[in-house]
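Student: Structure below; questions to follow.
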Protein chains: 2
Amino acid sequence: MVDAKGFSSDPRQEKIMAAAVTVFAAYGYRRTSMEDIAKAAGMSRPALYQYFRNKQDVFRSLIAWFYKAVTEQLEQALAQEHTVDGGLRAIFGALSGPMIEAVLDSPHGEEIFGEGLSENADICSQGEAAKVTVLARWLQERLDAGQASLPSSAEDTARLILALIAGIKKPPYAEYVRRCDQLTSLLALGLSPRR
Amino acid sequence: MVDAKGFSSDPRQEKIMAAAVTVFAAYGYRRTSMEDIAKAAGMSRPALYQYFRNKQDVFRSLIAWFYKAVTEQLEQALAQEHTVDGGLRAIFGALSGPMIEAVLDSPHGEEIFGEGLSENADICSQGEAAKVTVLARWLQERLDAGQASLPSSAEDTARLILALIAGIKKPPYAEYVRRCDQLTSLLALGLSPRR
DNA sequence: ACGAAATAGACAAATAATGTCAGTTATGTC
DNA sequence: GACATAACTGACATTATTTGTCTATTTCGT
């Protein structure tokens with residue numbers, strides 16, 4: 001049994017997570033069986049039980065795994081962006097992608113994003129905090145370098161931006177991307193440095 | 001119990017069919033329960049059993065209902081089209097629509113279109129025959145009016161066109177529509193009258 | 001208010017999913 | 001190559017879900 005929080009970069013673990021996203025998006029949480037997940041991951045059901053106690057454990061780990069991936073990508077994307085506009089686009093890029101698309105555009109998005117996440121608020125708030133930290137640090141750097149002016153503290157502003165994105169994260173995915181683009185233009189103006 | 005083939009325009013019956021499409025597209029045939037269908041149709045499960053013997057009966061009736069709707073729409077659309085190009089577009093219009101889109105773009109399209117239809121070949125061939133008849137009559141009229149030249153008999157040509165469409169009916173739906181458009185251009189040229 | 005038709009609650013039988021265990025196969029070590 | 005260890009699978013009892021039906025209740029037209 002591998003530690004569900006550590007994600008020791010076990011390729012098998014990764015494969016299970018990817019498989020789980022696929023089948024959860026296809027059937028929703030309730031109708032997905034451990035057999036489905038195992039099959040999609042190319043292993044037998046008992047083998048899957050060696051990695052996860054039960055379906056809820058798979059789901060919780062999936063959330064953590066997803067947050068980790070998003071945060072890493074966010075960190076990486078921001079590391080090479082020093083302009084407000086470019087940074088905002090990097091944020092949106094990190095918070096979208098084929099996985100979000102799959103879940104958001106599936107008929108089970110509500111079950112998964114709604115109930116699913118509220119039932120696991122502990123993990124989610126942890127993941128959200130990580131995103132806030134990364135974004136706040138980058139905003140502070142922009143502020144210090146005179147490349148941006150913030151309406152309040154860097155952390156507050158980071159929370160605001162992430163909340164805004166959460167608000168527009170609704171299907172269909174294509175619309176969400178469009179709204180992200182519009183929001184970029186708005187925020188870029190609001191955050192640009194006062195001359 | 002209402003005759004499953006007659007479709008006595010009972011609004012309840014129609015509601016069940018529409019509900020069934022929705023849930024089959026969402027969960028696939030296997031994972032859809034009678035409870036799901038009943039709920040989506042706004043009635044209790046026992047009430048649903050008054051209209052259909054079991055899930056397979058719902059599905060078979062759904063196929064028949066769908067063929068009926070398509071054939072009617074095809075007939076109606078062709079009635080006002082007297083040009084080859086316009087007629088072809090009418091055909092494609094009748095053979096697409098939100099219902100096809102829902103099933104085709106769902107992750108369960110293969111289960112439903114593949115297994116689902118081959119298990120009910122009897123009903124399908126009946127529905128196909130109806131489409132052929134309608135289309136063949138229209139083609140014959142165009143031929144008689146000197147508005148088209150056909151490569152073989154009207155019925156043969158009708159079968160050919162419908163087979164071509166069946167061939168390009170693959171997800172994603174947007175691509176299917178695009179292929180339909182391309183096919184229109186091709187066929188319009190091939191069927192235009194020899195001068 | 002009456003009778004007929006439709007509907008929902010509830011039940012037993014059938015089916016599917018779960019979690020576990022013993023037996024087997026793969027993996028790395030000496 | 002033999003050994004020990006780890007990972008995997010088939011099979012099983014248990015639990016949960018789904019099914020089809022039957023009866024009591026409600027709804028509707030008369």
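Student: Using the 7 Å Cα-to-Cβ label point, sort the distances from residue B:49 to its equivalents in the other copies shortest first and give them in nm to one decimal.
Tutor: From this label point to the equivalent ones elsewhere in the assembly: 3.3 nm.
Student: Then there is this: Sorted from shortest, what are the nm distances separating the label point of residue A:126 from equivalent points in the other copies, each placed 7 Å from Cα along Cα to C-beta?
Tutor: Spacings between copies for this position, smallest first, are 5.8 nm.
Student: Working from Cα positions, state the angle (0 to 90°, nearest 10) between the long axis of helix A:84-94 and the longest principal axis of chain A.
Tutor: The two axes meet at around 10 degrees.
Student: A further question follows. Other chains' Cβ within 10 Å of B:18-28 residues: what's the mean? Intermediate values should be presented prior to the final figure.
Tutor: Working: counts 0, 0, 0, 0, 1, 1, 0, 1, 7, 7, 3.
Going residue by residue through B:18-28 and averaging, the value is 2.
Student: Just to confirm a number: summing +1 for Lys and Arg and -1 for Asp and Glu over residues other than residue B:181 whose beta-carbon lies under 12 angstrom from that of residue B:181, what do you get?
Tutor: Details: positive: B:89, B:178, B:179; negative: B:85, B:175.
With Lys, Arg at +1 and Asp, Glu at -1, the neighbours total +1.
Student: Can you pull the mean other chain C-beta count within 10 Å for peptide A:136-143?
Tutor: Per residue, the average neighbour count from other chains is 0.
Student: Could you compute the net charge surrounding residue B:54? Neighbours are other residues with a C-beta less than 12 Å from the C-beta of residue B:54; K and R count +1, D and E count -1. Working shown, then result.
Tutor: Working: positive: B:45, B:53, B:55, B:60; negative: B:57.
Neighbourhood net charge equals +3.
Student: Another question about this same structure. Using the Cβ atoms and a cut-off under 15 Å, what net charge is assigned to the surroundings of residue A:80, where Lys and Arg are +1 and Asp and Glu are -1?
Tutor: On the way: positive: A:89, A:137, A:142; negative: A:72, A:75, A:81, A:85, A:141.
It works out to a net charge of -2.
Student: List the distances, in nm to one decimal, from the label point of residue B:12 to the label points of the same position in every other copy, shortest first, placing each label point 7 Å from Cα along the Cα-to-Cβ direction.
Tutor: Sorted ascending, the copy-to-copy spacings read 5.5 nm.
Student: Remind me, relative contact order of the range A:21-92 in percent, using alpha carbon pairs under 8 angstrom and six or more residues apart? Please report the intermediate quantities before stating the final value.
Tutor: On the way: 29 pairs, mean separation 12.8, N = 72.
In percent, rounded to a whole number, it is 18.
Student: Suppose we consider the axis relating copy A to copy B; can you name the residue of A with the nearest Cβ and state that distance in angstrom as an integer?
Tutor: A:31, 2
Student: Over every pair of different alpha-carbon atoms in the range A:1-138, take the mean of 1/r and invert it; report that Kirkwood radius in Å.
Tutor: Working: mean 1/r = 0.0633 Å⁻¹.
Answer for the range A:1-138: a Kirkwood hydrodynamic radius of 15.8 Å.
Student: Apply the a/c threshold of 1.5 to the C-alpha gyration tensor of the range A:72-143 and tell me whether it is rounded, prolate or oblate. Intermediate results must be reported in sequence, preceding the final value.
Tutor: Numbers: a/c = 3.43, a/b = 1.70, b/c = 2.02.
Cα axes put the range A:72-143 in the oblate bin.
Student: Given the convex hull over the Cα atoms of the protein assembly as shown, what projected area results after averaging over all orientations, in nm²?
Tutor: Values: hull surface 104.7 nm².
Taking the Cα atoms of the protein assembly as shown, their convex hull projects to 26.2 nm² on average.
Student: Using only Cα atoms, tell me the angle between helix A:121-144 and the longest principal axis of chain A; keep it within 0 to 90° and round to the nearest 10.
Tutor: Between the helix axis and the principal axis of chain A, the angle is about 30 degrees.
Student: For chain B, what is the calculated [θ] at 222 nm in deg cm²/dmol (nearest 500), taking -39500 (n - 2.57) for each run of four or more DSSP H residues and dividing by its residue count? Could the numbers behind the result be given before it?
Tutor: On the way: 9 runs with 135 residues, N = 195.
Taken over chain B, the calculation gives -22500 deg cm²/dmol.
Student: Which of rounded, prolate or oblate describes the range A:19-63 when judged by the alpha-carbon gyration tensor and an a/c cut-off of 1.5? Before the final figure, lay out each step's value.
Tutor: Details: a/c = 1.72, a/b = 1.21, b/c = 1.43.
Judged from the Cα gyration tensor, the range A:19-63 comes out oblate (a/c at least 1.5, b/c at or above a/b).
Student: Right, something else. Let me know the volume per residue of the alpha-carbon convex hull for the range B:99-193, in Å³.
Tutor: Taking only Cα atoms, the range B:99-193 has a hull volume of 93 Å³ per residue.
Student: When only Cα pairs under 8 Å and 6 or more residues apart are kept, what is the percent relative contact order across chain A? Write out the running numbers ahead of the final one.
Tutor: Numbers: 186 pairs, mean separation 43.8, N = 195.
Computed over chain A, the figure is 22 percent.
Student: Quick check: from the Cα gyration tensor, does the range B:145-195 come out rounded (a/c under 1.5), prolate or oblate? Walk me through the numbers on the way to the answer.
Tutor: Working: a/c = 4.02, a/b = 1.85, b/c = 2.17.
Taking the square roots of the gyration eigenvalues as a ≥ b ≥ c, the range B:145-195 is oblate.
No value in this document is a laboratory result; all are computed from the given coordinates. Since the structure is predicted, the reported quantities are computational estimates derived from the model, not experimental observations. Note that each Cβ is placed from the backbone with ideal geometry, even for glycine, and that neighbours are counted across all protein chains shown.
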